[in-house]
Amino acid sequence: YTELELKENGRVKRIVYSDEFWQFQDWKNAQLIVVADELIASIKGVNPRIEIALNVSYELFHKPKNALAWFAHDKKLAKKFDYVAVMAYQDQIMKELGVSLDEAGDLIKENTNKAVEAMGSPERVIMKIQTINWDTSKELSLKQIRFIYQKVWFVSPDVGIALAPWENRNYNFLKD
């Protein structure tokens with residue numbers, strides 16, 4: 001389904017997906033939508049008041065083709081759920097894309113806008129902000145967390161915020 005173009009050091013430079021790959025991903029996405037419909041109907045049949053979120057990578061709103069290629073996720077699937085929870089993990093984004101905190105913040109702000117547009121309202125969007133370094137388990141600075149929080153809040157104070165993972169730190173500064 002794919003061809004890899006490698007760099008001199010042997011790392012992947014570019015992935016070229018075949019037409020058959022995209023057909024398969026579209027099929028998988030359609031199947032996920034069927035399963036989501038059945039799951040949501042079943043859960044809400046037991047408790048109509050329960051609300052359900054789909055957890056997605058930041059790629060869904062940054063590079064939708066990557067989200068389809070890697071997870072078979074698209075915006076149609078996300079809209080099936082009451083909420084979309086976007087893994088807007090700034091430290092991870094900085095490492096993966098080789099960008100600064102400012103650039104990661106701008107990407108997260110843009111993703112927040114796109115998620116709100118796709119879901120139809122800010123109340124249906126939850127942006128998940130990273131609180132620790134995944135590699136070292138060390139806490140990220142409160143200044144960095146607040147910076148990303150403000151980027152999201154600037155789009156709409158009605159967008160949900162989830163701190164991932166939640167630690168017993170003083171996050172009261174987010175209320176300012």
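Structure data summary
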quantity	calculated
Check on E3, acidic (D, E), in contact (Cβ under 8 Å) with a residue 12 or more places away in the chain and loosely packed, with under 11 Cβ neighbours inside 10 Å	yes
Sole residue being modelled with pLDDT of 95 or more and more than 21 Å from M87 (Cβ to Cβ), chosen from I50, I33	I50
Single unsatisfied condition, Q90 versus (1) exposed (fewer than 15 other Cβ atoms within 10 Å of the Cβ); (2) polar (S, T, N, Q); (3) in contact with a Gly (Cβ under 9 Å, 6 or more places away or on another chain)	(1)
Index of the failed condition, N55 passing every other in (1) within 12 Å of the chain's Cα centre (by Cα); (2) over 21 Å from Q23 (Cα atoms); (3) open to solvent by less than 50 Å² (accessible area, probe 1.4 Å)	(3)
Conditions (1) open to solvent by less than 40 Å² (accessible area, probe 1.4 Å); (2) of a type in the set (A, V, I, L, M, F, W, C); (3) under 28 Å from L32 (Cβ atoms); (4) under 15 Å from the mean Cα position of the chain (by Cα): number failed by I148	(3)
Residue count, the range 129-145 (criterion: crowded, with 16+ Cβ neighbours inside 10 Å and of a type outside the set (A, V, I, L, M, F, W, C))	3
Counted residues, the range 35-59 - those being in contact (Cβ under 8 Å) with a residue 40 or more places away in the chain and among the hydrophobic types (A, V, I, L, M, F, W, C)	3
Residues located in the range 93-104, provided they are surrounded by fewer than 23 Cβ atoms within 10 Å (Cβ to Cβ) and either in contact with a helix residue (DSSP H, G or I) (Cβ under 8 Å, 6 or more places away or on another chain) or farther than 17 Å from K128 by Cβ (or both)	M94, L97, G98, V99, S100, L101, D102, E103
Residues of the range 129-157 that turn out to be closer than 17 Å to D106 by Cα and in contact (Cβ under 8 Å) with a residue 40 or more places away in the chain, as a count	10
Failed criterion for L97 (all others in (1) over 30 Å from P48 (Cα atoms); (2) in contact with a strand residue (DSSP E or B) (Cβ under 9 Å, 6 or more places away or on another chain); (3) not acidic (D, E) hold)	(2)
For I126: the one exception among (1) outside any helix (DSSP H, G or I); (2) touching a residue at least 12 places away in the same chain (Cβ under 8 Å); (3) open to solvent by 50 Å² or more (accessible area, probe 1.4 Å)	(3)
Test: residue in the range 62-73 that is surrounded by fewer than 19 Cβ atoms within 10 Å (Cβ to Cβ), farther than 23 Å from A164 by Cα, in contact (Cβ under 8 Å) with a residue 12 or more places away in the chain and in contact with a helix residue (DSSP H, G or I) (Cβ under 9 Å, 6 or more places away or on another chain)	yes
Any hit, the range 105-118, residues being in a helix (DSSP H, G or I), free of Cβ contacts under 8 Å to residues at least 24 places away in the same chain and under 22 Å from N29 (Cβ atoms)	yes
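The values are calculated or read from the model by the stated rules, or taken from the named source; none is laboratory data. It should be emphasised that the depicted structure is a prediction, and the values quoted were computed from it without experimental measurement. Note that we place each Cβ from the backbone using ideal geometry, even for glycine, and neighbour counts take in every protein chain shown. Just so you know, the surface numbers come from the protein's heavy atoms only, side chains and all, with ligands and any DNA or RNA stripped out. Shrake-Rupley method; radii C 1.70, N 1.55, O 1.52, S 1.80 Å.
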